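Quick notes on the structure that follows.
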Amino acid sequence: MKKVIVIAGMLFAAGAIASPFEKPNEAIEYRQAAFSMIATNFGDMANMVKGRKDWDQAQFSQRAQFIAQLAQMPEEAFQFKGAEAGDTTKAKPAIWSDWSGFNTKLTKFQSDMNNLAKVSMEGDERATKKAFGVAAKNCKSCHSDYKYK
């Protein structure tokens, strides 16, 4: 019986500290901050891919590493109760009404960014640009379906 009580207490405590947010607006601001940093890094990489900026494999790889980490962050903020509403969000209600579809695209984005980070570390510019194209295509499709412009 003691073990059951201890385990139940641990699970309750884990659930109580699982989210860093106290209010829905905090979750919205958190995911917006993560996406803002993703956009900045992605934009720098896009400029290199499009030739608007000199190609720098090391810098590109660093940006890809950053995004691979950042891509993991917004999911918990989308799941916070009440984070689907707010005056400052561009998130479409379809995220929550089609959570499975959204989560599939988010998971693919995370996978694409992990792959891009890995490929970019290998130093092959052509392979890096190809992996970037795959990630960009999925990123754009998610924006079309789940984000107001």
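The values are calculated or read from the model by the stated rules, or taken from the named source; none is laboratory data. Computed from a predicted model, the values in this text were never measured in an experiment. For neighbour counting, all protein chains shown are included, and Cβ atoms are generated from backbone atoms with ideal geometry for every residue, glycine included. The area values use the complete protein model at the heavy-atom level, side chains included, leaving out ligands, DNA and RNA. Shrake-Rupley method; radii C 1.70, N 1.55, O 1.52, S 1.80 Å.
Could we say that GLU26 is more than 14 Å from CYS139 (Cβ to Cβ), more than 13 Å from the chain's Cα centre (by Cα) and not in a helix (DSSP H, G or I) here?
no
Among all residue pairs at least 6 apart or on different chains, which show Cβ distances below 8 Å where the first residue, located in segment 70-91, is free of Cβ contacts under 8 Å to residues at least 60 places away in the same chain and among the basic types (Lys, Arg) and the second is part of a loop (DSSP other than H, G, I, E, B) and open to solvent by 70 Å² or more (accessible area, probe 1.4 Å)?
LYS90/TYR148; LYS90/LYS149
Being modelled with pLDDT under 95, among the polar types (S, T, N, Q) and part of a helix (DSSP H, G or I) is true for just one of SER61, SER111, SER141, SER120. Which residue is that?
Answer to the check: SER141.
Within segment 40-50, is there a residue that is at pLDDT 95 or above, open to solvent by 60 Å² or more (accessible area, probe 1.4 Å) and under 30 Å from THR128 (Cβ atoms)?
yes
Looking at THR128, THR89, which one is open to solvent by less than 80 Å² (accessible area, probe 1.4 Å), out of contact with any Leu (no Cβ under 6 Å at 6 or more places or on another chain) and outside any helix (DSSP H, G or I)?
It is THR89.
Determine whether ALA77 is over 20 Å from ASN138 (Cα atoms), within 14 Å of the chain's Cα centre (by Cα) and open to solvent by less than 20 Å² (accessible area, probe 1.4 Å).
It is true that ALA77 is over 20 Å from ASN138 (Cα atoms), within 14 Å of the chain's Cα centre (by Cα) and open to solvent by less than 20 Å² (accessible area, probe 1.4 Å).
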